[in-house]
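Written out below as structure tokens is the structure these notes cover.
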Amino acid sequence: MNTATIETRHGSTRDREIVDAKVIVTCPGRNFVTLKITTRSGLTGLGDATLNGRELAVASYLTDHVVPNLIGRDAGRIEDMWQFLHRGAYWRRGPVTMTAIAAVDVALWDILGKMAGLPLYQLLGGRSREGALVYGHANGRDIEEATDEVGKYIEKGFLAVRAQCGVPGVKKAYGISVGGKPYEPAESELPAETVWNTPKYLNIVPKLFERLRADHGPDVELLHDVHHRLTPIEAARLARDLEPFRLFWLEDATPAENQKGFELIRKHSVTALAVGEVFNSIWDCKHLIENQLIDYIRTTIVHGGGITHVRRIADFAALHAVRTGFHGATDLSPVCMGAALHFDTWVPNFGIQEWMFHSDETNEVFPHDYVFRNGRLHVGDTPGHGVDIDEKLAARFPYAPKQLPIARLEDGAMWDW
Ligand code: KDG
Ligand code: MG
């Protein structure tokens, strides 16, 4: 796009012209896709573009369809770029498109921070809090092991812990570590097959939380992820059974395509509900938010079209007393985590931030300035989002195809994983 050169305090439109954009795919333990944009003045910005198990679809969307459109454009026109990639593509929404748009958007916000010499949270409106409350993932093959693991998180200083335990009679229940390694869902080239049994699950989960409250007291915040496995009436039963143990939230209690199902859960229970890690647009969560059928919205920066779009979701949620609780599994790179933490530091209606630890290799490939202290993650004051990439190191970890597992019922029929 040809724009006349306009001088501003932060350089000219010529300085801000995008001269390069490249996609970096790396696998330091797991796959990550990163977009790096460079301006004529030599500033660079990074955006996460990782979509677990479908990484190369986003890499191709960016390389083949987006990058050619970026060259020559003004990196300072963040809103216009978002509208161009969203409206201009004609084919809107969807996880691949919105993840690609997010990568561009976050890279441009990163550049804006560097141009201004300010950390990203300052560009959004400044601090609302000192640090972002985070929850870690404790799990065990049985209740005994799970309660020990929750104890370890509390000892490390966590104020909030997600707890999952194995289900007797169910092989490979969701969220349970294998072989003492940290839990990582995408473990094989083709999807691992798991078997699901709802009655067995509904039987064990209230027992887990009864034990956790008995062992760890009333104050620690406890969370649980159903991972879309229940029907609305089953979810309503679980939410009601868990009421005495005051969960911070029950997540993805039923698949959110059927949004009326949440009315049924609400009718039977006051357990707080979180939804939205698989959403990618405000239109996915509009009904749930405006009808106050959920308490926390989980759509985060990388899958929700970037800061520009997630800010709209958060502002809309604030009108309806819904707070943020961003997805933060290991399949979202430190670049997303950095951007999300700046957002969390600013957003008035913040609830909590998920934080699964990245591996040491991942942290080395993506040096960052956020740190954990007293149950919260704190961003630094590096201009932009504060996350970088060591490209030489990244090149030593080539892409390794991996897909998420699937779930079947005991009779072999497909179920939601
Ligand atoms: O890629 C899928 C994971 O991000 C997801 O299974 C993790 O549900 C998840 C969570 O709440 O972290
Ligand atoms: Mg989840």
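The numbers here are math on the coordinates, done by the rules we state, and not lab data. Since the model is a prediction, treat every value here as computed from it, not as a measurement. Backbone-built Cβ (ideal geometry, glycine too); neighbour counts: all protein chains shown.
Of note:
- Label point 7 Å beyond Cα of Lys156 along Cβ direction - residues of the range 236-255 with amide nitrogen under 20 Å: 248-249
- Overall form of the range 3-119: prolate. Here a/c, set by the Cα gyration tensor axes a ≥ b ≥ c, is 1.5 or more, and a/b is the larger of a/b and b/c.
- Whole-number D in µm² s⁻¹ for the range 211-345, Kirkwood Cα-pair radius fed into Stokes-Einstein, 25 °C, 0.890 mPa s: 161 µm²/s
- For the chain, the antiparallel share of DSSP beta bridges with both residues in that region comes to about 45%.
- By definition, a body whose alpha carbon gyration tensor gives a ≥ b ≥ c is oblate when a/c is 1.5 or more and a/b is not larger than b/c, and the range 117-193 fits this oblate description.
- The simple spin-label model puts a point 7 Å past each Cα toward its Cβ; for Gln83 and Leu56 those points are separated by 3.7 nm.
- Burial ranking of peptide ranges 132-141, 96-105, 18-27 (average Cβ count within 10 Å, highest at the top): 96-105, 132-141, 18-27
- Under 29 Å from the Cα of Lys392 - lysines, other chains or at least 8 residues apart: Lys22, Lys36, Lys114, Lys181, Lys402
- Shown in residue order for the range 108-113 are the 3J(HN,Hα) couplings computed by the Karplus curve 6.51 cos²θ - 1.76 cosθ + 1.60 at θ = phi - 60°: 6, 5, 5, 5, 4, x Hz (x for Gly and Pro).
- In terms of the mean number of neighbouring beta-carbon atoms within 10 Å, the peptides 197-210, 79-92, 378-391 order highest first as 378-391, 197-210, 79-92.
- Label positions at His287 and Arg129, each projected 7 Å from the Cα along the C-beta direction, are separated by 3.0 nm.
- log10 of Debye I(q)/I(0), alpha-carbon scatterers only, for the chain at 0.06, 0.11, 0.12, 0.13 Å⁻¹: -0.24, -0.80, -0.96, -1.12
- Helix 232-241 axis, angle to the chain major axis (alpha carbon atoms, nearest 10°): 70 degrees
- The range 261-308: chymotrypsin sites (Phe, Trp or Tyr not before Pro) falling in loop per DSSP and having at most 14 other Cβ within 10 Å: none
- For peptides 311-318, 298-305, 234-241, sequence by mean Cβ density within 10 Å, most packed first: 298-305, 234-241, 311-318
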